[in-house]
Amino acid sequence: MPATSDASQPPRKFHFISGLPRAGTTLLAAILNQNPRFRAGMTSPLADIMGVVIAEASSKNDFSFDVSDQQRVALLRGLVENFYSVQNDASVVFDTSRLWCSRMQLLDTLFPGVKVIACVRQLAWVLDSMERLVRKQPVSVSKVFRFDTNTTVYSRVEALTDPRGMVGFAYQATKEAFYGEHAREHLLMLTYESLARDPATAMRAVYQFLGEPWFEHDFDHIAYQADEFDARVGMPGLHAVRTKVESIERQPILPREIFGRFVNEAFWMDPKNNIHQVRIV
């Protein structure tokens with residue numbers, strides 16, 4: 001059973017962070033963690049575990065005929081609740097995965113009223129940021145590229161933007177959530193540009209979206225580490241967060257034709273696309 005020792009306490013809330021890589025998900029988690037009522041982290045295995053359970057409770061398993069939809073809902077909700085039951089000092093928990101944007105219907109079924117924060121960034125700058133990480137490690141190779149040592153910036157961009165690639169899947173999942181039926185009530189698009197340029201205003205919008213009382217954050221002293229995970233995937237710095245939240249101007253390192261190819265892919269920036277009036281910060 002999930003840990004809720006005091007029956008007088010309100011039930012724990014679960015919200016979800018998703019969106020694009022290199023778009024501020026880890027930074028957002030680090031900021032949220034300053035609030036003693038909140039617990040947030042980098043990408044967790046929960047969404048992947050849930051996917052395995054969904055598959056095994058479906059027709060993939062010959063005995064799935066004996067599993068009702070009500071049992072599936074209870075099982076999946078219990079996964080989330082019990083995964084975080086050992087961290088019983090937080091009343092609001094944020095789980096992070098790029099998969100959540102592709103599972104908006106599921107999250108709404110499990111947790112009516114759920115909130116999903118999708119962190120987004122100009123796609124050209126996401127790819128540019130990934131390429132910078134690659135070039136910082138000239139004597140090693142990353143799991144992100146299947147440990148292939150014979151790559152170029154062109155093949156790396158193609159691998160990343162493939163529909164099943166690290167960036168391509170996240171981009172399509174975020175787009176699906178943005179145009180989906182649950183977007184109006186459950187989705188907030190948090191742009192990296194806004195979070196880095198004016199974190200106080202951006203975070204106030206996040207708190208308003210969540211319906212939580214404001215907590216005074218310290219944007220000059222942010223702390224977060226995931227060095228072990230980054231080392232395991234062969235991309236040190238993937239989840240690194242600078243101590244101070246600030247916007248830093250820089251020139252792209254991607255070849256001009258690649259950068260230009262993706263510079264207009266920020267679908268959330270065109271008001272005509274916002275058919276569900278999604279909140280965008």
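Give all pairs with beta carbons closer than 6 Å in which a residue from the stretch 257-278 that is under 30 Å from Tyr154 (Cα atoms) meets a residue that is polar (S, T, N, Q) and not in a helix (DSSP H, G or I); count only pairs at least 6 apart in sequence or on separate chains.
Ala266/Gln122
What pairs come out if I take residues in the stretch 31-53 that are buried (at least 16 other Cβ atoms within 10 Å of the Cβ) and pair them with residues that are of a type in the set (Lys, Arg) and assigned to a helix (DSSP H, G or I) whose C-beta lies under 9 Å away, six or more apart or interchain?
Pairs that qualify, where the first residue is buried (at least 16 other Cβ atoms within 10 Å of the Cβ) and the partner is of a type in the set (Lys, Arg) and assigned to a helix (DSSP H, G or I), are Ala47/Arg103; Met50/Arg103.
Only one residue in Asp148, Asp128, Asp89 is acidic (Asp, Glu) and either surrounded by 14 or more Cβ atoms within 10 Å (Cβ to Cβ) or touching a helix residue (DSSP H, G or I) at 6+ places or on another chain (Cβ under 6 Å) (or both). Which one?
Asp128
Inspect the stretch 154-168 for any residue being surrounded by 13 or more Cβ atoms within 10 Å (Cβ to Cβ), free of Cβ contacts under 8 Å to residues at least 24 places away in the same chain and of a type in the set (Lys, Arg) and give the result as yes or no.
Taking the stretch 154-168 as the starting set, the residues that turn out to be surrounded by 13 or more Cβ atoms within 10 Å (Cβ to Cβ) are 156-161, 165-168.
Now drop any that are not free of Cβ contacts under 8 Å to residues at least 24 places away in the same chain, which leaves 158-159, 165, 168.
Applying the additional criterion that residues be of a type in the set (Lys, Arg) yields none.
Checking the stretch 154-168: not a single residue is surrounded by 13 or more Cβ atoms within 10 Å (Cβ to Cβ), free of Cβ contacts under 8 Å to residues at least 24 places away in the same chain and of a type in the set (Lys, Arg).
Name the residue, out of Thr161, Thr152, that is polar (S, T, N, Q) and under 19 Å from the mean Cα position of the chain (by Cα).
That would be Thr161, the only listed residue that is polar (S, T, N, Q) and under 19 Å from the mean Cα position of the chain (by Cα).
Among the residues of the stretch 19-36, what is the count of those that are in contact with a Ser or Thr (Cβ under 9 Å, 6 or more places away or on another chain) and under 14 Å from Val206 (Cβ atoms)?
Restricting attention to the stretch 19-36, the residues satisfying the condition of being in contact with a Ser or Thr (Cβ under 9 Å, 6 or more places away or on another chain) are 19-26, 28-29.
With under 14 Å from Val206 (Cβ atoms) added as a condition, the list becomes 19, 24-25, 28-29.
Total meeting the criteria: 5.
Could you tell me whether Val278 is surrounded by 15 or more Cβ atoms within 10 Å (Cβ to Cβ), in contact with a helix residue (DSSP H, G or I) (Cβ under 9 Å, 6 or more places away or on another chain) and modelled with pLDDT under 95?
no
The values are calculated or read from the model by the stated rules, or taken from the named source; none is laboratory data. Quantities reported herein were computed from a predicted structural model and do not represent experimental measurements. Positions of Cβ are backbone-derived with ideal geometry, glycine not excepted, and every protein chain shown enters the neighbour counts.
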